[in-house]
Every structure is written in structure tokens, then in C-alpha cells.
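K.L.:
Here it is: the structure, laid out below.
The values are calculated or read from the model by the stated rules, or taken from the named source; none is laboratory data. What you are looking at is a predicted structure, and each value in this text was computed from that prediction instead of being measured. Methodologically, a virtual Cβ is constructed for each residue, glycine included, from the backbone with ideal geometry; neighbour enumeration extends over all protein chains shown. Heavy atoms of the whole protein, side chains included, go into the accessibility calculation; ligands, DNA and RNA do not. Shrake-Rupley method; radii C 1.70, N 1.55, O 1.52, S 1.80 Å.
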Amino acid sequence: MTQEILTIDAREPNPNDIDKVVEYLNNGEVIAYPTETIYGLGADVLNRKAVKRIFDLKARDYGLPISILVADLDMMREYVDHVPDEIIPLLRRFWPGPLTMLFPASPSFPKGLITNTGKVGIRISSNPIASAIVRKFGKPITTTSANLSDFPASLNVKHIKKYFGEKIPCIVDGGECEPSRGSTVVDVGAETMRIIREGVIPADEVIKCFQNS
């Protein structure tokens with residue numbers, strides 16, 4: 001397999017380079033790309049073969065759903081069944097950024113990306129490269145750490161190559177990521193909130209924002 005490594009300036013992503021990345025997604029390929037926390041693996045969430053490829057690459061249990069990135073709230077609403085009013089303050093406070101929210105998935109959403117409670121993890125990335133890719137692609141992409149399951153996260157291209165060699169057709173080099181705990185994952189219902197995983201955003205900040213909403 002031929003592998004392309006595209007070096008893109010995160011401060012000002014070149015539109016032509018973003019077009020090249022999106023072409024891989026349109027062709028059903030898997031990409032590796034930087035986020036505001038760590039490097040992730042991306043594919044078209046509506047392409048079953050591409051999503052399966054990510055599970056296989058990571059040796060990930062098919063029972064463990066993968067979260068997705070969207071470009072904005074309008075894109076998100078196309079793929080979720082309901083957005084509780086109570087969580088809007090959380091979205092305004094922490095998006096774009098390292099906060100993954102669990103929403104009830106729409107009936108047409110791919111089952112392989114849905115939790116056993118019928119929800120899908122979604123976030124809007126604050127990384128300019130990731131944001132530009134999703135916006136240009138026009139559909140959500142997967143966001144899962146670019147590593148083998150249960151291994152340390154990838155913070156640069158060298159780490160990605162160590163895990164996957166030439167198996168990923170397109171790697172976007174956006175520079176070194178700082179060591180990170182990943183995104184904070186939150187499940188919010190009509191009246192309750194549950195921190196599934198505490199990441200970059202402290203749990204007490206999320207709780208305080210929810211309680212004041």
C-alpha cells in the first residue's frame with residue numbers, strides 16, 4: 001500500500017492539502033489526523049467497510065463504539081434523535097474542544113457506532129486541521145485514538161508509524177501533540193448527568209456548568 005504523509009500547518013491549514021485528505025475519505029480510506037488532544041483515526045462514519053477497517057487496525061472489540069467528530073451543531077442534529085435543552089450551556093462552554101457528549105442516535109445512524117444504550121459520542125474539535133477536514137468532507141468522521149487498543153496514544157507521526165507501519169494510506173502531520181488525558185466524556189439526560197471519563201476538562205467544571213444551567 002502506498003502511504004502519503006501530508007505536513008499541514010495547524011495554524012493555517014492549506015485548503016489544497018485538506019482537499020487531498022478529504023479525497024481519501026471519499027474513497028473509503030482511513031486517515032490519521034491530529035486533534036486538540038491526541039492523534040486520531042478517521043473514516044466516513046456512513047461507510048461500514050471503512051469503519052470496520054478501523055476496528056481491525058486497532059484490534060478493537062466491536063462491542064466498544066467509536067465516537068465521531070462533527071463540524072457544527074447543524075451537522076450534529078442530522079445524526080442524533082434529541083438534544084436536551086439542559087446540555088446547551090455545556091456545549092456553549094466547552095465546544096469546540098475536548099468534550100465528548102453522548103446523545104441518543106437517530107434511527108438511521110450506523111449501529112456499530114452506537115452504545116448499548118442507543119447513544120453516540122460526539123464532539124466538535126478545536127484543532128484547526130481536524131475542523132477543516134470535517135467541514136470540507138461535509139459529513140461526520142470517526143475519532144478514536146491512533147493506537148492499538150490498550151496501548152499509549154499517538155502524539156506524533158512516529159508513534160503512528162510504530163503502531164501501523166504502512167497500513168494507513170494518509171497520515172496528516174500536524175506537529176507534536178502534548179501529552180493528554182483525552183477528551184472528557186459526558187452522558188447527560190433530561191435531569192441527570194454522568195461523567196463517563198474525566199479527561200482534559202476537569203469533572204468539577206462540567207458539573208458546575210450543568211448545575212448552573
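K.L.:
Restricting the range 107-129 to residues that are farther than 20 Å from L90 by Cβ and touching a Phe, Trp or Tyr at 6+ places or on another chain (Cβ under 9 Å), which is most open to solvent (accessible area, probe 1.4 Å)?
P.N.:
Looking at residues that are farther than 20 Å from L90 by Cβ and touching a Phe, Trp or Tyr at 6+ places or on another chain (Cβ under 9 Å), I get S108.
K.L.:
Could you go through the range 152-170 and let me know if any residue there is open to solvent by 20 Å² or more (accessible area, probe 1.4 Å), at pLDDT 95 or above, over 25 Å from S131 (Cβ atoms) and of a type in the set (F, W, Y).
P.N.:
no
K.L.:
Within the range 11-25, restricting attention to residues that are in contact (Cβ under 8 Å) with a residue 24 or more places away in the chain and part of a loop (DSSP other than H, G, I, E, B), which residue is surrounded by the most Cβ atoms within 10 Å (Cβ to Cβ)?
P.N.:
Out of the qualifying residues, it is P13.
K.L.:
If I ask for residues that are open to solvent by less than 70 Å² (accessible area, probe 1.4 Å) and over 13 Å from R93 (Cβ atoms), which ones from the range 191-213 would you list?
P.N.:
M193, I195, G199, A203 - these are the residues of the range 191-213 that are open to solvent by less than 70 Å² (accessible area, probe 1.4 Å) and over 13 Å from R93 (Cβ atoms).
K.L.:
Are any of the residues in the range 91-99 part of a helix (DSSP H, G or I) and surrounded by fewer than 13 Cβ atoms within 10 Å (Cβ to Cβ)?
P.N.:
Within the range 91-99, one or more residues are part of a helix (DSSP H, G or I) and surrounded by fewer than 13 Cβ atoms within 10 Å (Cβ to Cβ).
K.L.:
For the range 1-10, check the following and say yes or no: at least one residue is farther than 24 Å from K119 by Cβ, of a type in the set (S, T, Y) and surrounded by fewer than 21 Cβ atoms within 10 Å (Cβ to Cβ).
P.N.:
Scanning the range 1-10 turns up at least one residue that is farther than 24 Å from K119 by Cβ, of a type in the set (S, T, Y) and surrounded by fewer than 21 Cβ atoms within 10 Å (Cβ to Cβ).
K.L.:
Out of G28, G40, report the one residue that is part of a loop (DSSP other than H, G, I, E, B) and of a type outside the set (D, E).
P.N.:
G28
K.L.:
Of everything in the range 43-66, what is within 17 Å of I171 (Cβ to Cβ), in a helix (DSSP H, G or I) and either of a type in the set (A, V, I, L, M) or free of Cβ contacts under 8 Å to residues at least 40 places away in the same chain (or both)? Give them in sequence order.
P.N.:
A50, R53, I54, L57
K.L.:
OK, next. Report yes if D72 is farther than 22 Å from I196 by Cα and open to solvent by 10 Å² or more (accessible area, probe 1.4 Å), otherwise no.
P.N.:
For D72, the condition - farther than 22 Å from I196 by Cα and open to solvent by 10 Å² or more (accessible area, probe 1.4 Å) - is met.
K.L.:
I need a count of the residues in the range 182-206 that are of a type outside the set (S, T, N, Q) and modelled with pLDDT under 90.
P.N.:
Residues meeting the conditions: 5.
K.L.:
What tally of residues in the range 156-196 results from selecting those that are out of contact with any helix residue (DSSP H, G or I) (no Cβ under 9 Å at 6 or more places or on another chain), closer than 30 Å to D85 by Cα and free of Cβ contacts under 8 Å to residues at least 40 places away in the same chain?
P.N.:
Looking only at that region, the number is 2.
K.L.:
Here's a check for you: in the range 71-90, which residue that is of a type in the set (D, E) and part of a loop (DSSP other than H, G, I, E, B) is modelled with the lowest pLDDT?
P.N.:
Taking the range 71-90 and keeping what is of a type in the set (D, E), we get 72, 74, 78, 81, 85-86.
Of the ones still in play, those that are also part of a loop (DSSP other than H, G, I, E, B) are 72, 78, 81.
Details: D72: 96, E78: 94, D81: 89.
Applying the filter and picking the extreme gives D81.
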